[in-house]
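Colleague: Here's a structure for you.
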Amino acid sequence: MSSRGQSKACAATLIERKTRLYLAIKMPDRTAHSMEVAFGVAASQYPQGAFKTATTDRGKEFACYNALENIHDIKVYFADPYSS
């Protein structure tokens with residue numbers, strides 16, 4: 001899915017570092033609210049406390065990082081630009 005063209009739909013992708021578990025959740029658009037909902041969908045599939053941290057890029061969809069930290073009791077980190 002891509003936000004280019006007619007559709008604004010996109011996918012939130014979550015990857016667990018150690019097991020390399022990959023989750024993709026469809027989002028209607030790239031807004032912070034949609035990311036908050038998508039993360040809630042992912043978190044609801046696992047026991048409380050399964051998610052401890054999240055490392056994200058600096059995209060506009062992560063403007064909700066305070067809500068993610070407070071609601072899901074996780075720590076959100078932002079990757080440095082141009083680092084791998």
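Colleague: Of the conditions (1) loosely packed, with under 10 Cβ neighbours inside 10 Å; (2) more than 20 Å from Ala79 (Cα to Cα); (3) among the aromatic types (Phe, Trp, Tyr), Tyr22 satisfies every one except a single condition; which number is it?
Modeller: (2)
Colleague: Also, quick follow-up: Mind listing whichever residues of the stretch 39-60 are under 28 Å from Ser83 (Cβ atoms), out of contact with any Lys or Arg (no Cβ under 8 Å at 6 or more places or on another chain) and touching a residue at least 12 places away in the same chain (Cβ under 8 Å)?
Modeller: Correct list: Phe39, Ala42, Ala43, Phe51, Thr55, Thr56, Asp57, Arg58.
Colleague: How many of the residues in the stretch 25-84 are buried (at least 16 other Cβ atoms within 10 Å of the Cβ), farther than 28 Å from Ser7 by Cβ and of a type in the set (A, V, I, L, M)?
Modeller: 1
Colleague: Can you spot a residue in the stretch 68-81 that is without any contact (Cβ under 8 Å) to a residue 24 or more places away in the chain and among the small types (Gly, Ala, Ser)?
Modeller: Looking for residues that are without any contact (Cβ under 8 Å) to a residue 24 or more places away in the chain and among the small types (Gly, Ala, Ser), one finds none in the stretch 68-81, hence no.
Colleague: Another question, then. Quick one: in the stretch 1-15, of everything that is surrounded by 12 or more Cβ atoms within 10 Å (Cβ to Cβ) and modelled with pLDDT of 90 or more, which residue is nearest to Lys52 (Cα to Cα)?
Modeller: The residue in question is Leu14.
The values are calculated or read from the model by the stated rules, or taken from the named source; none is laboratory data. All of these numbers come straight from a predicted model, not from anything done at the bench. All Cβ positions, glycine included, derive from the backbone under ideal geometry; neighbour counts span all protein chains shown.
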